[in-house]
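Here is the structure we will look at, set down as structure tokens.
The values are calculated or read from the model by the stated rules, or taken from the named source; none is laboratory data. Values in this document were obtained by computation on a predicted structure and should not be read as measured data. Backbone-built Cβ (ideal geometry, glycine too); neighbour counts: all protein chains shown. In case anyone asks, the SASA skips ligands and DNA or RNA and just uses the protein heavy atoms, side chains included. Shrake-Rupley method; radii C 1.70, N 1.55, O 1.52, S 1.80 Å.
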Amino acid sequence: MNETMLTYIKKEQQTDERVLFDQDKNLKPFYDWLKLNQKTRWVILATGSSANAIEAARYYVEKIARVHVDIRIPFLFSNYEQQIYEDEVYIAVSQSGHSYSTIQALDLIQAQDCFVLTADRTSPIAELAVPILDIGCGFEAVDLVTMGFSATVVSFMLMGLQAARIWGRIDEEAYQQELQELHQTILRIDDTLDRCVHWYQQNQSELMNLQAVAVIGYGAGYGVAKEAETKITETIHCPMNGYELEEYMHGPYLAMHKDLTVFFIMSEHPALKARMQALYEYLHKVTPHCFVLCEQETASVRDLSIGAPVDEYKSALLYVIAFQYLSYRVCADCGVDPMITPYDDFDSVLASKI
Ligand SMILES: N[C@@H]1[C@@H](O)[C@H](O)[C@@H](COP(=O)(O)O)O[C@@H]1O
């Protein structure tokens, strides 16, 4: 049987559990480095889903380890931002290890603290003389990655959590509790997928006919919105943007119209959730195609509930499944194979992947 995106969405829970259990082996060079260094400016070089995954995990890492995470676009870094600062540690993230711009940017950083986080130790990025950190998810045959996104989120959160532990930001008890909470969140992935399947079925005819899409989030939900943008654009090919809540209110709202479908990621943050609710009240008078993603069960079949409270900072692991499944299912229902595109030669002609 051919593998599809769904094959890998279904593997997320067990894979993330493995990432958790294997962290000391897979992330060892970074943990060893943490014992000798205390650099608090973490520069990430990543593109596409890898950058989105770091965006989804960054606020957790920044909060628990008290570091600053700076996600840079590799091509801009290589061509315009070549200053290398001694107080920074550089982490290039590429699941496949084939993204040319990320490899090129990493190659420019010499004699500095740097690491590569990849799922393939034999890939071109792993050939650079840089310590390798393993995402630990193994090979994902479907390029439209889902399992690897989730595993990258977990890996980066663990890197932050270990920094907090090793640097004494938290004690052993707090570390164990965090680890357990992360595990409990991972153990809800399969249930969340079941909820997404049910939600999709209830709204199938509407979700199959997306004209234009906006996904709005804040905090970790912003990373989810950006990954939704990547995934929906790569698969369904409809006009699509992922926005941060307040940024949406500074211009993009002017492009709203009655055929726009809007997804509101309402993770638990007292002030921002209320602000998102206010935006929802306004937008849903303009377009009937509004969908809310939240913790609690509601009376509306349009709302996708993840069923129980989750730490806002860990919530991306659950909310992202809605957009992964949506991307897969709309293609399946429309009889489209997202792996087949008229632009199969793009990567080789433009050499964006090597
Ligand atoms: N179309 C793919 C994206 O889906 C992927 O997210 C990105 C980064 O890939 P990697 O994490 O392997 O560097 O590369 C391409 O742009």
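Tabulated data for the structure shown
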read-out: Whole-angstrom Cα spans of the chain along principal axes, big to small; value: 55, 51, 44
read-out: Pairwise centroid distance, computed over Cα atoms, of the range 292-354 with the range 90-155, Å; value: 22 Å
read-out: Relative packing of 6-19, 146-159, which averages over residues the other C-beta atoms within 10 Å, highest first; value: 146-159, 6-19
read-out: Residues with amide H under 5 Å from that of C290, placed H, sequence gap 5 or more; value: V262
read-out: Under the span-like rule (Cα at least 27 Å along the axis, Kyte-Doolittle mean at least 1.0), DSSP H helices of the chain; value: 147-166
read-out: Where N is the number of residues in the range 189-334, Cα Rg divided by 2.2 N^0.38 Å; value: 0.94
read-out: Whole-number percent relative contact order across the chain, with pairs defined as alpha carbons under 8 Å at least 6 apart; value: 20 percent
read-out: Amide hydrogen neighbours beyond the local backbone of K353, cut-off 5 Å, H modeled; value: Y100
read-out: Of all accessible heavy-atom area on the range 5-186, the percent that carbon and sulfur account for (1.4 Å); value: 49 percent
read-out: Percent of beta bridges antiparallel (DSSP, the chain, rounded to nearest 5); value: 5 percent
read-out: Trypsin sites (Lys or Arg not before Pro) restricted to DSSP loop in the range 47-119 with at most 16 other C-beta within 10 Å; value: R66
read-out: Per-residue HN-Hα couplings for the range 249-256 [Karplus 6.51, -1.76, 1.60; θ = phi - 60°; Hz; x = Gly/Pro]; value: 7, 10, x, x, 4, 5, 8, 6
read-out: Peptides 170-179, 231-240, 344-353 ordered by average Cβ neighbours within 10 Å, highest first; value: 231-240, 170-179, 344-353
read-out: Accessible area (Å², per residue) of the chain, counting only protein heavy atoms and a probe of 1.4 Å; value: 43 Å²
read-out: Reduced Cα scattering model of the range 1-104, Debye log10 I(q)/I(0), q = 0.15, 0.21, 0.24 Å⁻¹; value: -0.78, -1.34, -1.48
read-out: Per DSSP, loop GluC sites (Glu not before Pro) in the range 85-159 with at most 13 further Cβ within 10 Å; value: E86
read-out: Percentage relative contact order, the range 5-186, counting C-alpha pairs under 8 Å, at least six apart; value: 31 percent
read-out: Cα extents of the range 133-270 along the three principal axes, largest first (Å); value: 53, 37, 28
read-out: Chymotrypsin sites (Phe, Trp or Tyr not before Pro) restricted to the range 24-89 and DSSP loop, no more than 11 other C-beta within 10 Å; value: Y85
